[in-house]
Every structure is written in structure tokens, then in C-alpha cells.
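Data block below; observations after.
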Amino acid sequence: MGTLYGIVFFSHQLGSFMGVWLGGELYDLYGDYTLVWWVGVAVGLFSAIVHLPVRERSLNARTV
């Protein structure tokens, strides 16, 4: 569990860094944040689509 938490925490921090860095790079390249916002929208939609197939079940409903 500790390893899983460490991987999740590390990837979250890496994504935060990359998002801020890429936002600054795109602003320097294009002079406004329009593309940055659209990239954010695309990432959010991709995340929603990836999580749609997840079906939560209670622990009692599982067959072991």
C-alpha cells in the first residue's frame, strides 16, 4: 500500500509540474492562454472517458 501511495503521489506531483511548465511554454509560444485552456479541457475529457468503464461494487457482492 505504501508503494502504491508513493507512485500515485509522485505521478500527481509530476503531472502538476508538467502542467504548469507546459502552460508557461505555450503562453510564451502563442502569447495567450487559449491553447492551454483547450489542452486542459481535452485532458479532462480523456480522464472522464477513461474512468467511464469503472464499475464499483461493494465488498460483499464480490465472489472470492
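Within segment 20-39, residues that are touching a residue at least 40 places away in the same chain (Cβ under 8 Å) reach no partner that is outside any helix (DSSP H, G or I) and of a type in the set (S, T, N, Q) with beta carbons closer than 8 Å at six or more positions or on different chains. Of the residues that make up segment 13-25, is at least one charged (D, E, K, R) and assigned to a helix (DSSP H, G or I)? Within segment 13-25, one or more residues are charged (D, E, K, R) and assigned to a helix (DSSP H, G or I).
Throughout, read-outs are computed from the coordinates displayed, never taken from laboratory work. All values derive from a computational prediction rather than experimental measurement. Counting neighbours? That spans all protein chains shown, and the Cβs are built from the backbone with ideal geometry, glycine included.
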